[in-house]
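The values are calculated or read from the model by the stated rules, or taken from the named source; none is laboratory data. What you see is a predicted model; the values in this text were computed from it and never measured. All Cβ positions, glycine included, derive from the backbone under ideal geometry; neighbour counts span all protein chains shown. The protein model used for the area step is the full one, side chains on, heavy atoms only, and it has no ligands, DNA or RNA in it. Shrake-Rupley method; radii C 1.70, N 1.55, O 1.52, S 1.80 Å.
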Amino acid sequence: MNDKERNIVETAIGVISRYGVRRTTMSDIAAAAGISRQTLYSSYANKEEVLAAAICYSTDRTMEALEADWSKDGSIADKLDAYFQHCVIAYYDMLSQMPDAEDLVTGYNTVGKAEQDKAMQRKGEVLASLLAPYRDKLARADMTPQDLADMVLNASSNFKYVAKDRAHLLKLIASLRKAALSLIGEV
């Protein structure tokens with residue numbers, strides 16, 4: 001992604017987070033980015049492409065931050081905490097501050113949902129790789145690293161919608177964390 005596209009996508013994330021996809025126009029994005037509509041259309045054919053690029057960009061930033069935290073020496077518990085911070089708590093906080101940001105989290109339309117599906121797959125793959133060293137311990141519980149990764153991913157992804165408030169979110173995460181650590185024998 002070049003600097004112009006990065007500017008467009010970062011701007012689009014802000015505009016869409018404030019107004020939602022439905023109320024955001026290509027003109028809004030162009031004006032906020034300080035570019036002409038023609039310049040915007042030379043990079044992205046329509047709002048759906050901008051949304052997909054914004055979701056991909058957000059996922060890339062999340063995964064980079066997660067991988068940076070995971071590269072530090074730390075326990076599996078520390079790494080799960082980093083996952084929850086970057087992939088659950090950060091999104092919950094964003095949605096609490098800007099409810100229209102949900103379009104970025106859910107994907108809003110077919111193109112965006114496909115990009116969100118890719119994001120979920122990436123998160124599941126990194127969780128499964130994190131849990132791979134515990135394959136034997138998980139086998140005793142008739143689970144695989146992918147099974148546990150799917151459980152953590154799907155449960156925690158829905159926490160942002162069912163949590164009554166941030167304290168409740170943190171309690172839900174703590175329970176899931178404890179269950180996951182217990183399954184791999186790291187409590």
- Message: Among (1) touching a Lys or Arg at 6+ places or on another chain (Cβ under 9 Å); (2) open to solvent by 60 Å² or more (accessible area, probe 1.4 Å); (3) free of Cβ contacts under 8 Å to residues at least 12 places away in the same chain; (4) among the polar types (S, T, N, Q), there is one condition residue 96 misses while meeting the rest; what is its number?
- Response: (3)
- Quick check: is even one residue across the range 25-34 among the polar types (S, T, N, Q) and farther than 30 Å from residue 126 by Cβ? yes
- Query: If only one of 137, 123 is at negative phi and more than 18 Å from the chain's Cα centre (by Cα), which one is it?
  - Reply: 137
- Item | Set 51, 66: member being touching a Gly at 6+ places or on another chain (Cβ under 8 Å), under 25 Å from residue 106 (Cα atoms) and either in contact (Cβ under 8 Å) with a residue 60 or more places away in the chain or not in a helix (DSSP H, G or I) (or both) | 51
- Task: Examine the range 152-161 for a residue that is over 13 Å from residue 59 (Cα atoms), of a type outside the set (S, T, N, Q) and open to solvent by 70 Å² or more (accessible area, probe 1.4 Å), and state whether such a residue exists.
- Result: yes
- Could you figure out which of (1) closer than 13 Å to residue 112 by Cα; (2) at pLDDT 95 or above isn't true of residue 34? (1)
- Among the residues of the range 24-31, is any surrounded by fewer than 17 Cβ atoms within 10 Å (Cβ to Cβ) and of a type in the set (Val, Ile, Thr)? yes
- Quick check: is even one residue across the range 80-92 open to solvent by less than 40 Å² (accessible area, probe 1.4 Å), under 15 Å from residue 59 (Cα atoms) and polar (S, T, N, Q)? no
- Message: Any residue that is more than 14 Å from residue 10 (Cβ to Cβ) and open to solvent by 20 Å² or more (accessible area, probe 1.4 Å) - is there at least one of those in the range 48-59?
- Response: yes
- Query: How many residues are open to solvent by less than 80 Å² (accessible area, probe 1.4 Å), part of a helix (DSSP H, G or I) and either out of contact with any Phe, Trp or Tyr (no Cβ under 8 Å at 6 or more places or on another chain) or among the hydrophobic types (A, V, I, L, M, F, W, C) (or both) if we restrict to the range 124-145?
  - Reply: 12
- Message: Given (1) among the aliphatic types (A, V, I, L, M); (2) in a helix (DSSP H, G or I); (3) surrounded by 15 or more Cβ atoms within 10 Å (Cβ to Cβ), identify the lone condition not met by residue 35.
- Response: (2)
